[in-house]
Each structure stands twice: as C-alpha cells, then as structure tokens.
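**Student:** Take a look at the following structure, please.
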C-alpha cells in the first residue's frame with residue numbers, strides 16, 4: 001500500500017512541482033537567449049562614448065532582470081512550500097481527508113508517503129533552481145568577462161583550489177568541508193523542513209476550532225523554539241571554545257561549520273519528533289470536523 | 001446471524017462535558033439495511049465518523065468483526081460522507097484509478113456502468129460537475145465496492161426527488177445481501193420502504209433500536225409518522 005500511496009502522491013505533487021520547474025526553465029532559457037544575443041554583447045562591450053547612455057540603461061535593465069529572476073525563483077520556492085502545506089492540510093484534515101483517512105492504510109504509511117514525496121520534490125526544485133541560476137550566472141559572466149565557458153570553469157576550479165589551500169593553512173578547515181555541510185544541509189534540509197511543516201500542521205488537530213490557523217500558529221511556535229534551541233547550543237559551542245578564540249581570533253571562523261552542523265542536527269531532531277507526533281495524531285487523536 | 005459491528009458504551013464529548021454521543025451500545029447484524037434516524041444535532045454523523053475512524057471515541061469501544069477500527073476495518077467498510085471529498089482538479093477516471101488501487105473489493109466495471117447509466121463522462125473534472133452530480137459520483141464509487149458494511153451519511157439530502165429514486169435503486173441493486181447498510185437521514189419518508197431496522201437518536205443518546213416491521217405493527221403507523229411523533233417539537 002505504501003508504494004501505491006507514493007505513486008499517487010508523487011503524481012499529484014509533481015503536477016505543480018513539474019510546472020514550476022518548467023516555468024523556471026523557460027524563463028532561464030529566455031535569459032540565456034538574451035545573454036548570448038549579439039545585442040547584449042554589443043551593449044556590454046560598447047566603447048563608443050555615444051553608447052554610454054545605452055550601456056547605463058541596459059545595465060539597469062540587466063540589474064532589474066537579475067533581481068526579478070532571483071525574486072521569481074525565491075517566490076516559486078516559497079510558493080511551493082505554501083502549496084505543500086495547503087495540500088497536506090486539505091488532503092489530510094479537511095473534506096478531502098474523508099477519503100484519505102478512510103483508506104485501508106496505516107497512519108505511518110500516510111505520513112511517510114506525504115513527507116518523502118514532498119521532501120523529494122523540494123529537493124528536485126532546489127537542484128533545478130541551482131542549476132538554472134548557475135547556467136544563467138555562468139553565461140552572463142562569460143559574456144561580460146569575454147571568456148569562454150570552459151576557460152571560466154577552469155579559472156573557478158583553480159580559484160577554488162587556491163582558496164581551499166589558503167583557508168586550510170589559515171584556520172585548519174577546508175572549503176570542501178563547508179561544501180559538504182552545505183550539500184548535507186540541502187539534501188537533509190528538504191526533508192526536515194517538510195516533516196516540521198507537516199508535523200506543525202498536524203498539531204492543529206488538538207484544537208476544537210480553526211484547526212488550519214492553529215496549525216500555522218504551531219508552525220511559527222516550532223520555528224521560534226528551534227531558534228531558541230539553536231541559540232543555546234551555539235552559545236554553548238562558543239563558550240566551550242572561548243579560550244581558543246581569545247588566543248586565535250581566526251579560529252572563530254571554524255565555528256561557522258560547527259554551528260551549521262548544530263543547526264542541522266537541531267532541525268533533524270525536531271523533524272523526527274514531529275514526524276512521529278504526526279503519526280500519533282493521525283492514529284490516535286484524529287479530530288475531523 | 002453473527003454481528004458485524006459492535007459498539008460498547010461509546011461516547012464522544014466536545015469541550016467540557018458536552019456529549020455529542022452519549023453511551024451508545026449496539027450490535028449491528030449482517031444482511032440488514034438499518035436506518036440511523038434523528039433530528040439535526042442528534043449525534044448521527046459523529047457516530048458515523050467514529051465508526052469510520054475519523055474521530056476517536058472519548059470513551060467506549062468500537063469493533064468491526066471483532067477487531068478495533070483500523071486499516072483492516074477500513075478495507076471492509078464503504079463510507080459515503082455527508083460532504084464532497086473529491087479534489088476539484090481531479091477527473092472521475094483519476095478517482096476510479098485511486099479506488100481500484102486501494103480497495104480490493106472495488107469493481108471498476110460496475111462503476112463505469114453506473115456512470116454510463118447516468119450519462120456522466122468519466123473524463124470530466126469534478127470542478128465542472130454540479131453538486132448533485134458529485135454526490136451521485138461519490139455514491140457510485142461507494143456502491144461499486146463489495147464491502148461488508150456500507151455507511152451512508154445523508155445520501156439523499158442534496159439531490160432532487162428523481163435522483164433520490166435512482167440512488168435508492170442503486171443502493172438496493174448493488175449491495176451484497178451478506179452485507180449491511182447503515183444509512184443516516186432525516187428524510188425518512190423517502191427511504192422507509194427499504195429499511196429493515198431503525199435506530200432513533202436524540203441528543204447523542206440511542207432512544208430506540210427496533211425493526212421497521214415491529215414499529216409498524218406495534219405503533220400502528222409508519223416509521224416516518226412514528227418518528228414525527230417521537231421527535232415532535
């Protein structure tokens with residue numbers, strides 16, 4: 001039954017997720033076409049004094065376009081999160097929940113299917129958006145700097161190695177470690193974010209009225225609590241390492257990676273607690289209006 | 001005849017000591033059509049939700065074929081709620097796929113045949129259908145299962161009299177005679193002819209459980225007339 005739940009969940013969530021990725025892809029493609037067009041190249045590399053106004057206008061338009069593009073991607077990310085939250089609430093606890101909750105499946109299967117599917121689509125969105133931004137930024141820089149993409153990639157690789165070695169010598173940590181932390185955060189974060197979101201929405205079932213609103217309030221409360229716990233742990237890390245930081249202020253930079261790991265660990269703990277709490281609510285505390 | 005569903009001292013409270021259902025004890029047998037009758041707010045829907053696992057009883061116990069309510073019971077109970085549970089963007093075909101995947105006792109052929117009888121296009125999206133048509137589709141989905149117990153909450157409340165006849169025919173023609181139907185309504189006159197037994201509920205309490213024939217014989221009047229007498233304002 002879990003496989004069937006996955007099948008239907010993946011297809012339903014994928015309709016919106018796929019559409020958002022497709023829209024982002026089309027906008028990125030339009031951006032790429034503009035960046036590689038002779039018009040953009042002419043504007044960027046104009047040296048004629050009479051073209052300074054054109055250059056200024058195009059620079060402003062480019063800036064606005066970049067802001068708009070970034071805003072669109074961020075908006076899509078936030079919009080997708082809101083869609084996932086609304087869909088979870090509707091399919092589990094409102095009228096559509098009358099079908100979901102009477103399926104012959106275990107409560108744990110329902111929650112697993114919802115969290116894993118939504119987390120997977122969040123991850124797919126994040127990867128797609130990162131690729132789109134990288135493509136657009138890469139082509140943009142390549143045109144502005146007047147170097148080929150391959151030369152640019154080679155330069156980035158060399159710079160990365162230089163910075164990595166420098167940081168390793170300076171503070172005893174490598175950029176690679178930070179990179180791994182970001183990747184782990186990115187992958188795990190998609191699933192913990194969704195588990196926390198869905199868990200908080202499920203907490204709304206404890207209320208007799210306005211269960212959706214109570215779910216939103218529970219989510220905000222969980223986020224505040226997470227920030228407090230993060231703050232306490234990070235303060236503890238700083239206190240423990242205080243003497244070393246006093247001796248060598250650059251050591252504080254190595255704390256960033258540790259703090260990121262602490263933040264991730266806190267979100268994992270909250271996600272696990274809320275995941276099992278959601279199952280408990282669906283199994284034992286369901287309170288459909 | 002062995003019992004399908006056993007409720008033992010089942011209560012549901014809301015807030016402080018407000019009883020929606022109050023100490024209901026009843027055993028429903030196989031092979032019966034049972035009317036769950038009562039005025040608005042008498043606890044019919046709350047009781048039905050508890051039978052389907054959508055609400056947990058505050059106290060008491062509900063067992064279906066000797067087992068607590070859970071995935072096993074849900075595989076054998078076909079439930080029609082008093083509201084539309086279909087996603088507006090879905091097509092009827094999508095929901096047929098859904099039922100076929102999750103309910104082993106679902107007959108797609110039967111559902112398509114009934115949709116065809118009512119000239120409903122399976123490729124239609126729910127947002128394009130009228131309220132009455134959505135209710136008919138839900139009833140078709142529910143009655144296309146070979147369940148042991150059908151729980152129908154107000155199946156004829158929102159449809160016109162002609163559609164009511166079709167719905168009652170659908171119910172009668174499609175349930176297995178080893179199965180039972182628990183049907184909740186306050187439109188008793190329309191369904192009286194199909195009822196074997198009736199349960200009267202008032203303010204969360206079960207005030208009567210009897211056969212329809214016994215009411216007619218002992219009271220000398222129809223179930224509808226007796227209901228009006230018992231629940232007269």
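The values are calculated or read from the model by the stated rules, or taken from the named source; none is laboratory data. Predicted model, so just to flag it, every value in this text is computed and none were measured. FYI the Cβ positions are ideal-geometry reconstructions off the backbone, even for glycines, and counts take in every protein chain you see.
**Student:** Which one of these is under 30 Å from residue B:28 (Cβ atoms) and out of contact with any helix residue (DSSP H, G or I) (no Cβ under 7 Å at 6 or more places or on another chain): B:142, B:137, B:151?
**Tutor:** The match here is B:142.
**Student:** Exactly one of (1) touching a helix residue (DSSP H, G or I) at 6+ places or on another chain (Cβ under 7 Å); (2) in a loop (DSSP other than H, G, I, E, B) is unmet by residue B:121. Its number?
**Tutor:** (1)
**Student:** Looking at A:70, A:42, A:47, which one is farther than 26 Å from residue B:100 by Cα, at pLDDT below 95 and part of a loop (DSSP other than H, G, I, E, B)?
**Tutor:** Answer to the selection: A:47.
**Student:** Between B:214, B:162, which is at pLDDT 90 or above, farther than 23 Å from residue B:47 by Cα and over 18 Å from the mean Cα position of the chain (by Cα)?
**Tutor:** Going through B:214, B:162 in turn, the sole match is B:214.
**Student:** Taking residue A:53 and the conditions (1) at pLDDT below 90; (2) not in a helix (DSSP H, G or I), which numbered condition does it fall short on, given that it satisfies the others?
**Tutor:** Failing condition for residue A:53: (2).
**Student:** Only residues in region A:184-210 that are not assigned by TED's automatic domain parsing to the domain that holds residue A:259 count as the first member; pair them with residues that are buried (at least 22 other Cβ atoms within 10 Å of the Cβ), Cβ under 6 angstrom, at least 6 apart or cross-chain, and list the lot.
**Tutor:** none
**Student:** Do the conditions hold for residue A:84, that is, is it surrounded by 14 or more Cβ atoms within 10 Å (Cβ to Cβ), within 14 Å of chain B (Cβ to nearest Cβ) and either under 15 Å from the mean Cα position of the chain (by Cα) or on the phi < 0 side of the Ramachandran plot (or both)?
**Tutor:** It is false that residue A:84 is surrounded by 14 or more Cβ atoms within 10 Å (Cβ to Cβ), within 14 Å of chain B (Cβ to nearest Cβ) and either under 15 Å from the mean Cα position of the chain (by Cα) or on the phi < 0 side of the Ramachandran plot (or both).
Table: residues versus (1) within 11 Å of chain A (Cβ to nearest Cβ); (2) touching a strand residue (DSSP E or B) at 6+ places or on another chain (Cβ under 6 Å).
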position	(1), (2)
B:6	no, yes
B:12	yes, yes
B:18	yes, no
B:24	no, yes
B:52	yes, yes
B:55	yes, no
B:60	no, yes
B:95	yes, no
B:101	yes, no
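**Student:** Considering region B:78-90 alone, what residues qualify as being crowded, with 16+ Cβ neighbours inside 10 Å and either more than 8 Å from chain A (Cβ to nearest Cβ) or assigned to a helix (DSSP H, G or I) (or both)?
**Tutor:** Within region B:78-90, B:78, B:80, B:82, B:90 qualify.
**Student:** While we're here: Can residue B:113 be described as more than 9 Å from chain A (Cβ to nearest Cβ) and in a helix (DSSP H, G or I)?
**Tutor:** yes
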